[in-house]
């Protein structure tokens, strides 16, 4: 038997791990309502804009199937820099590096910054790669608390208590995945004030959902930082509805010129992995440079589906939720003791009995996500209504059986 590395065997990705039993049920002929994955293309009425698709196709027609520059196509870097600058900070095209999605950007950042004994401080609950990848570089991810009874806002006392000279990266996901919380200017300034005390620390600002802010509070972290180095992450997947194109970017904000060596390391890693998809970059460029009026219709559909979920959850005994301010997730609390103590069992039994697929909260943090489940609210209204009917029936049936 050929041995597997410890780093690979230890990785878990709850969002996709729960798909395995769902696939087994589908093989038996069952139809599954899938509310587990944040892929807007999987749901009706949220297609990738036509002009972006045409730009992708036209790029292929022009024969642009070869390698492109390792840091990204110059026109796209320039367009991204213009877009970031419009958020309130002076971003140059030379500050922008195009990657094979935000996930690759994270892997490159971790490889360039982390070493044995260093730490990443990330919110709990969190998007799984923030926990999975740092260990590959001998680092450790420490969770800081989000307040479950205060719209999942950041717990600054907890952050302060966990900061030390080994923390190299302080992560903010805004809007947050999985909770949907949006941090406003006051919260971000408090986070920056903490980071300022630790000169070896860089803030990662994961802002991939910034165009899906329903609170009006979302702000670019870079726009508020006058001294703390920030790496902003964004891309085409969520706000531009093209996750399968796998185009993301990192934008470096270095107000006091402390990232010179780090920038060199990032560029070396980027060159070593060649480039991101050339025609997909051209599709994203079309999205950035064209009129964005289409986003109003898409966002309206997302908001309508969000409200339906809030209304239904409010009427179901056994469920509670803090209304999300952005993204397209709800992190739903299980109030029945049977399920609050084992949210994964709830998810697996709900799938087996009602054929509704969601993700257990403990998959986003074994402690800080426990007793919850994440629901993607992008399905059409009829499908969401059916899913909640089944969830309600499931909870009631198991409650009655216990009695």
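Structure values in brief
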{"read-out": "Residues residue 60 and residue 310, FRET efficiency given R0 of 51 Å [Cβ-Cβ distance, rounded to 0.05]", "value": "0.75"}
{"read-out": "Full-extension gain in nm, residue 140 to residue 193, via 0.36 nm per residue minus C-alpha separation", "value": "16.8 nm"}
{"read-out": "DSSP beta bridges in region 50-289 [antiparallel fraction, %, rounded to 5]", "value": "40"}
{"read-out": "Gaussian network model of the chain, springs between alpha carbon atoms under 10 Å - residue of 32, 80, 188 with greatest fluctuation", "value": "32"}
{"read-out": "Nearest-ten-degree value, helix 260-272 long axis tilted from longest Cα axis of the chain", "value": "70"}
{"read-out": "Normalised per residue, the volume of the convex hull around the Cα set of the chain (Å³)", "value": "160"}
{"read-out": "Degrees between helix 101-113 axis and first principal axis of the chain (Cα, 0 to 90, nearest 10)", "value": "60"}
{"read-out": "Of 118, 48, 256, the one that fluctuates the most in a GNM where the chain has Cα springs shorter than 10 Å", "value": "256"}
{"read-out": "For region 293-354, the Rg and Dmax computed from alpha carbons only, in angstrom", "value": "14.4, 47"}
{"read-out": "Centre separation in Å (Cα based) which lies between region 145-159 and region 96-138", "value": "22"}
{"read-out": "Dmax and Rg, reported as Rg then Dmax, of region 50-289 (C-alpha, Å)", "value": "17.3, 56"}
{"read-out": "Share, in percent, of DSSP beta bridges within the chain that are antiparallel, nearest 5", "value": "55"}
{"read-out": "Sorted by Cβ density within 10 Å, fewest first, the residues 301, 315", "value": "315, 301"}
{"read-out": "Share antiparallel - DSSP beta bridges, region 293-403, percent rounded to 5", "value": "100"}
{"read-out": "Sorted largest first, extent of region 194-264 alpha carbons per principal axis (Å)", "value": "36, 31, 14"}
{"read-out": "Hypothetical label at residue 50: residues of region 271-301 whose amide nitrogen lies under 14 Å (7 Å Cα-Cβ projection)", "value": "294"}
{"read-out": "Sequence of 322, 54 once ranked by neighbouring C-beta atoms within 10 Å, starting from the fewest", "value": "54, 322"}
{"read-out": "Packing-based exposure ordering (other Cβ within 10 Å, fewest first) of 156, 364, 394", "value": "156, 394, 364"}
{"read-out": "Per-bin percent of Cα-Cα distances, region 25-147 [10 Å]", "value": "10, 22, 32, 26, 9, 0"}
{"read-out": "Candidates 33, 296, 204, ranked by Gaussian network fluctuation over the chain, Cα under 10 Å, top entry", "value": "296"}
{"read-out": "Equivalent ellipsoid semi-axes, region 211-363, via Cα gyration tensor eigenvalues times 5, rooted, Å", "value": "37, 21, 19"}
{"read-out": "Mean separation of Cα contacts under 8 Å (6+ apart) over length of region 50-289, as relative contact order %", "value": "29"}
{"read-out": "Relative contact order (%) - the chain, alpha-carbon pairs under 8 angstrom, separation at least six", "value": "23"}
{"read-out": "Computed [θ] at 222 nm, deg cm²/dmol, the chain (DSSP H ≥ 4; -39,500 (n - 2.57); rounded to nearest 500)", "value": "-12000 deg cm²/dmol"}
{"read-out": "Ellipsoid semi-axes in whole angstrom, largest first, where each is sqrt(5λ) of the Cα gyration tensor of region 83-152", "value": "24, 20, 11"}
{"read-out": "Where Rh is the Kirkwood radius over Cα pairs, Rg/Rh for region 26-96", "value": "1.15"}
{"read-out": "Nearest 10 degrees, 0 to 90: helix 74-85 Cα axis against the chain principal axis", "value": "70"}
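Taken together, the values in this text are just the output of simple stated rules run on the coordinates, not laboratory data. Computed from a predicted structure; not experimentally measured. Using ideal geometry, Cβ is built from the backbone for each residue, glycine included, and neighbour counts are taken over all protein chains shown.
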